[in-house]
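In what follows, a single structure is set out as C-alpha cells and then discussed.
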Amino acid sequence: MIDHYVWLIWSSAFLIPWLGLYLGMPAKRRIILGASLLTLPFGLTEPLFVPAYWSPPSLFDLAQRTGFDLESLIFSFAIGGVGLVLYDVLTRRVTVRLLAVERHHARHRLHRLALAAPVLAFPPLLLLHWNPIYPAIVAMGTGALAAIACRPDLKARTWVGGVLFLTFYTVLLLGLEATVPGYIGRVWNLPALSGLSIAGLPVEELLFAGAFGGYWSAVYEHLTWSTSATAASLASVASPTGSSRMKVTGSLGDHLP
C-alpha cells in the first residue's frame, strides 16, 4: 500500500528545493515561475512512458487507468524552475543582455531551430520504436548541443548545468531508493531497458537528468538573447576608464528585439 503514495511524495519533494530557490532568489522569481510553467505541460506526455518505461502507482490510480497522473505535472513543474537556476546558485552570476552586434552573427540564423531542437527531434525518434526514454534523452542532448553550436558563450552553462542537475537528481533518486527499498525494481520496467545501473539507479534516469539539465539550464539565456556575467565583470564594464567600456555598458541595456 505504501507504494501507492510514493510517486506523489517523491514528485512533491522536488517542490521543496523549488520553493527554497524561489524564496531565496527574489530577482529570479519571475524566471523560475515562468520556466516551471513552460515545463508543466510535459507532464502530459506520461502516457508515452507508462507502462513502457515504468508504471508508478499514482493518486486515484490515474496512471494505471489513463496513463496520465497528477504527480507528473508536479514533477515537470518543479524541475523546470530548479534546472534553470542551479548554475546561477553555484556561480553567483547575473543575467545581462547580449551586445546588439552579437545577436546578428551569422550562426544565429538558426536561432529558433536550435531552441526547438528537442521538440523537433523527439517525434521522429519515436518512430524508431525504442523505449521512449531513449528518444527523450537523445532529443534533450540534441537540444543542448544545438544551443552550444548557436551560442558558444553558453557552453560552460550548458555543461555545468547538466552536471549540477544530474547531481541534484541523483541525490533525490538515491533518497527514493533508500526510503522505499526496492521501489525502483518494482516500478521501473527494467527488463525493457539496457540493464545498466550505477549505485542501483538505472543509467537511463541519469542520462535523462544530465541531458535535461544541459539543455534547460541555458534555455532562458538562449531564448532572451542574454548571457551570464559575474558581478566583477559588470563592475569592470561599468568603469568609466575607457570609451570602449562605456560603449559596452550602453549595449547591456538594449531591449530585446
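The values are calculated or read from the model by the stated rules, or taken from the named source; none is laboratory data. As the structure is a computational prediction, the values presented were derived from the model and not from experiment. Here Cβ is always computed from backbone atoms with ideal geometry, including for glycine, and neighbour counts include all displayed protein chains.
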- Query: Does R109 fit the bill of being part of a helix (DSSP H, G or I), touching a Ser or Thr at 6+ places or on another chain (Cβ under 7 Å) and either closer than 20 Å to F49 by Cβ or of a type in the set (K, R) (or both)?
  - Reply: no
Residues in the stretch 1-35 that are farther than 30 Å from L126 by Cβ and among the small types (G, A, S) total 3
Reported set for the stretch 203-244 where residues are modelled with pLDDT of 80 or more and more than 19 Å from the chain's Cα centre (by Cα) is none
Those residues of the stretch 121-134 which are surrounded by 13 or more Cβ atoms within 10 Å (Cβ to Cβ), farther than 14 Å from Y215 by Cα and of a type in the set (A, V, I, L, M) amount to L125, L126, I133
Filter the stretch 23-33 for residues that are within 16 Å of the chain's Cα centre (by Cα) and at pLDDT 95 or above; the one that is surrounded by the most Cβ atoms within 10 Å (Cβ to Cβ) is I32
- Message: Considering only the stretch 122-134, I want to know if a residue exists there that is over 25 Å from L190 (Cα atoms) and among the β-branched types (V, I, T).
- Response: no
Query raised in the report: Does the stretch 93-102 contain any residue that is among the basic types (K, R), in contact with an Asp or Glu (Cβ under 7 Å, 6 or more places away or on another chain) and surrounded by 13 or more Cβ atoms within 10 Å (Cβ to Cβ)?
Result: yes
Selection from the stretch 50-82 of residues of a type in the set (S, T, N, Q) and under 19 Å from N189 (Cα atoms) yields S55, S58, Q64, T66, S72
Checking A63, A35, A78, A52 in turn, the sole residue that is closer than 23 Å to E205 by Cα and outside any helix (DSSP H, G or I) turns out to be A52
Exception for F60 within (1) surrounded by 15 or more Cβ atoms within 10 Å (Cβ to Cβ); (2) at pLDDT below 95 falls at (1)
### Message
When you scan the stretch 156-169, do you find a residue that is touching a residue at least 24 places away in the same chain (Cβ under 8 Å), touching a Pro at 6+ places or on another chain (Cβ under 9 Å) and part of a helix (DSSP H, G or I), even just one?
### Response
yes
Of (1) surrounded by 15 or more Cβ atoms within 10 Å (Cβ to Cβ); (2) at pLDDT 95 or above, Y87 satisfies every one except (2)
Within the stretch 36-61, the residues that are in contact with a helix residue (DSSP H, G or I) (Cβ under 7 Å, 6 or more places away or on another chain) and more than 19 Å from F122 (Cβ to Cβ) are S36, S55, P56, P57, S58, L59
Q: Please indicate, with yes or no, whether at least one residue in the stretch 196-209 is loosely packed, with under 15 Cβ neighbours inside 10 Å and assigned to a helix (DSSP H, G or I).
A: yes
Only one of L193, L174 is touching a residue at least 12 places away in the same chain (Cβ under 8 Å), out of contact with any helix residue (DSSP H, G or I) (no Cβ under 8 Å at 6 or more places or on another chain) and farther than 30 Å from H222 by Cα, namely L174
